[in-house]
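The values are calculated or read from the model by the stated rules, or taken from the named source; none is laboratory data. Not measured: the values here are computed from a predicted model. Backbone-built Cβ (ideal geometry, glycine too); neighbour counts: all protein chains shown.
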Amino acid sequence: MQIISFLFEKHPDKTVLAVAVMASLLMLNGDERGKNESARAISSFLLYPVERTRSYFVSVDRLREENRTLREVAVSLAHERERLSQFMEERNRLRQLLGFRMDSFFQFLPCEVIARSSNRFHHSVTVDRGADAGVRAGMAVVGYRGLVGRVAQVFPTSSRILLLNNKSVYVSCLDKRSRVVGMLNWERGDLFRLDYIGSEEDVQQGDTLITSGLGRVLPKGFPVGTILEVSDDRTELSRIISVVSMSELNTLEELFIVVGGREWNSREMLDRLGNIEEKQE
Amino acid sequence: MYLFRMIAAAVIVFIMQTTFVHRINILGAAPDLVLVLLAVLVLDRKPLLAVIIGFSLGFLQDLGNASYLGMNALAKSLLGYGISRFASGYFPDSALFRGLLLFLAALASDIIALNITASFNPGDVLLSFFRYSLLSAVYTAVAGILVFGVLGLLPGRVVRPRGGY
C-alpha cells in the first residue's frame, strides 16, 4: 500500500501509464464472451443519451404520422357521421310512421374494478360506483370491446358485477350477420357455448354475436363474442357452437355501466361532438 | 470548458471515424482520426493527463471491436504518454513537424495493433505494415496537418502555442 502511494506521489505519470498498460493487457487477455458482454454493457451505457435523443425524434416522427392518419380518419368519420345522422333521422321518421318505439342512445357511467371474486365458477368483480351514482341492479356492464356482464348487487358506493363467465349468467344473443338468436352460457376458460341453435340455422365460424335485447334484460346491440367453432350435435337436431368473448374477462380494469337509454336527439349528439372537437382544437 | 470541448471533439471524431472515414480510404488505407484527436489534445499537456486521455480514447475505440478490447487503449496510452513526454519538448512548432509526429505515432500505433492482431507473427506483421500502415500513416499525417491548420484559423485561442487543444 505504501509502495503504491509512494509511486503515485513520486512518479504519478509513469505509475498511471503502468496501470493503463496493465489494464489494457488484462482486457486483451480476457475471454471473448466476457469482453463482448462488457463492451456491450459499456456501449449501451455511454450511448444512452444518444439513444434517448434518437428515440425522442423517432417518437416525434411516429406521432406526426399517427396524427396525419388520425386526421384522415377524423375527416372520413365526420362525413360518415353526417351521413348516418341523415339515415338516423330517416329511420326515426319511418319508425314513427310504423308506430315503433323511438330509438334511444345509451349513457355510460365509467367505473373502475376495485375487487375480484376468488370463486372459480362464479366470476364477478366489484366496481367503485353504486346506488349514489345511479346504478341499479340488472344494468348491463360493458368494456371497450363489448359486453362484460351485468350488475347483480348494488351498494351505496360500489356494485357487484356478474361477469359473462359466471355459470349463472345467460345472455340472449343474436348473430349479427344472419340474425339467428341463441342463448350464451359460459363453458370453461375463455370458451362459451351458444345453445338452442337448430342444425339448419345459418351460423358460421367467425360470426359476431351481439346482445339480442329480447326480454329487455340487456340492451340490444352490444358485441358479446365471436363464433370459434360450429359442429353438429350427435342427435343432429341442434348445433354445438363454441364462442370466445370479445372482452378479456380476466384482465378487466375500467368498465362502463349502461345506466339507461335516452331519447335520441341528434341535435344534442352533434352539439356534444362539436364541443369535444372544440376542446381538442 | 476544456472537458466539454474535449468530449464534444471526441464525439465528433468518433462519429466521423465510424461513419465517414471508410468512404475516403485510398488503396485500403484510411486516416486514424482518433490519433489526430489524441495529438491535438495531449500536445503540451502533462503526461499524466495525456495517459488518461489516451487510455479513454483507445478504450472507446475498442468498444467498437470487443475481440481486441484493450488493444487501442494500450496503444493510445503509450502514444499519449510519448507525445506529451517527448514530442512536446523536441518538436518545433510547425505544421511539418506536427505531420511528422503524427506519421511516427501512426506507425507506432499500427505496429502495436498489428502485433496483437497477428499474434506477434513477424511475417504477417511486416506484410501488413508495408501494405497498409505506411500509407495510413501518411494519410493520418496529412489529415492531422489539415486539422491543426483549421484549428489555428479558428477565432480565439483554440490552439495552444505549441498545439494542445
Kindly indicate whether B:Met16 is crowded, with 22+ Cβ neighbours inside 10 Å and in contact with a helix residue (DSSP H, G or I) (Cβ under 6 Å, 6 or more places away or on another chain). no
Got a sec? Which strands (runs of 3 or more DSSP E) wholly within region A:156-206 have at least 1 residues that are of a type in the set (Lys, Arg), within 30 Å of A:Leu109 (Cβ to Cβ) and under 21 Å from the mean Cα position of the chain (by Cα)? A:159-166
In region B:61-95, anything under 13 Å from A:Met27 (Cβ atoms) and within 8 Å of chain A (Cβ to nearest Cβ) is listed as B:Asp62, B:Leu63, B:Ala66, B:Ser67, B:Tyr68, B:Leu69, B:Gly70, B:Met71, B:Ala73, B:Leu74, B:Ser77
Within the group A:Phe57, A:Phe45, A:Phe8, which residue is within 14 Å of another protein chain (Cβ to nearest Cβ), at pLDDT below 85, more than 23 Å from B:Gly82 (Cα to Cα) and part of a helix (DSSP H, G or I)? A:Phe45
Residue in region A:62-71 that is within 27 Å of the chain's Cα centre (by Cα) and among the aliphatic types (A, V, I, L, M) present: yes
Looking at the structure I just gave you, is A:Leu63 within 14 Å of another protein chain (Cβ to nearest Cβ) and not charged (D, E, K, R)? no
Restricting region A:214-241 to residues that are at pLDDT below 85 and either on the phi > 0 side of the Ramachandran plot or of a type in the set (Ser, Thr, Tyr) (or both), the one nearest to the chain's Cα centre (by Cα) turns out to be A:Arg216
Candidates B:Arg45, B:Arg23, filtered to the one that is basic (Lys, Arg) and more than 14 Å from chain A (Cβ to nearest Cβ): B:Arg23
Qualifying position, being surrounded by 11 or more Cβ atoms within 10 Å (Cβ to Cβ), hydrophobic (A, V, I, L, M, F, W, C), in a helix (DSSP H, G or I) and more than 9 Å from chain B (Cβ to nearest Cβ), among A:Leu94, A:Leu25, A:Leu84: A:Leu84
Kindly evaluate A:Ala39 against the criterion of being within 15 Å of B:Gly54 (Cβ to Cβ), small (Gly, Ala, Ser) and within 9 Å of chain B (Cβ to nearest Cβ). no
Residue under evaluation B:Leu146, criteria (1) within 22 Å of B:Phe14 (Cβ to Cβ); (2) at the interface with another protein chain (Cβ under 10 Å from one of its Cβ atoms), criterion not met: (2)
Can you name the number of the only condition in (1) farther than 20 Å from B:Gly54 by Cβ; (2) in contact (Cβ under 8 Å) with a residue 40 or more places away in the chain that B:Thr117 fails? (1)
Residue by residue through region A:207-231, note down the ones that are within 19 Å of A:Arg150 (Cβ to Cβ), aliphatic (A, V, I, L, M) and not in a loop (DSSP other than H, G, I, E, B). A:Leu209, A:Ile210, A:Leu214, A:Val224
